[in-house]
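Asker: The structure is given below, and queries will be raised subsequently.
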Amino acid sequence: MEGRAPIPTATKGARQLRACLLCSIVLQPIDFRRQGCPNCEEILQMKNSGDRIASCTTTYFDGVIAVIDPENSWVAKWQRTSKYVIGMYAARVKGQTKLRWTDSFERKVDLSCVSYTLCTAS
Ligand SMILES: [Zn+2]
């Protein structure tokens, strides 16, 4: 997963695509299970954990943005995904993570990422 996330195909399980509540990346549940979130795995630890995937990702999201050049894309900057891996991202994520926003958690996370997540979690 070196800087690039698997691109979900619409041919199977498109309705079951899930968006990470922290970085908005859109993946098939199997990808979250196999390798966790390519951007937030260190924090969310979803690999091989159905429970964590259920609480840290959501099927409720609007629109999908393909980010292929995160460093230079103005859309990626606007979405605050410019530091993330190449992949598909939700334009808007609904839902709230069940994670508790502890001090240690916030210290690990880029602040723009946190504020973005709090803004979209409604
Ligand atoms: Zn993520």
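The values are calculated or read from the model by the stated rules, or taken from the named source; none is laboratory data. This is a predicted model, so every value here is computed, not measured. Neighbour counts are summed over all protein chains in view; Cβ atoms, including those assigned to glycine, are modelled from backbone coordinates with ideal geometry.
Asker: Just one of the numbered conditions (1) in a helix (DSSP H, G or I); (2) surrounded by 14 or more Cβ atoms within 10 Å (Cβ to Cβ); (3) not small (Gly, Ala, Ser) is not true of Glu42; which one?
Answerer: (2)
Asker: Then there's this: Given (1) modelled with pLDDT under 70; (2) more than 13 Å from the chain's Cα centre (by Cα), identify the lone condition not met by Val75.
Answerer: Just one mismatch for Val75, condition (1).
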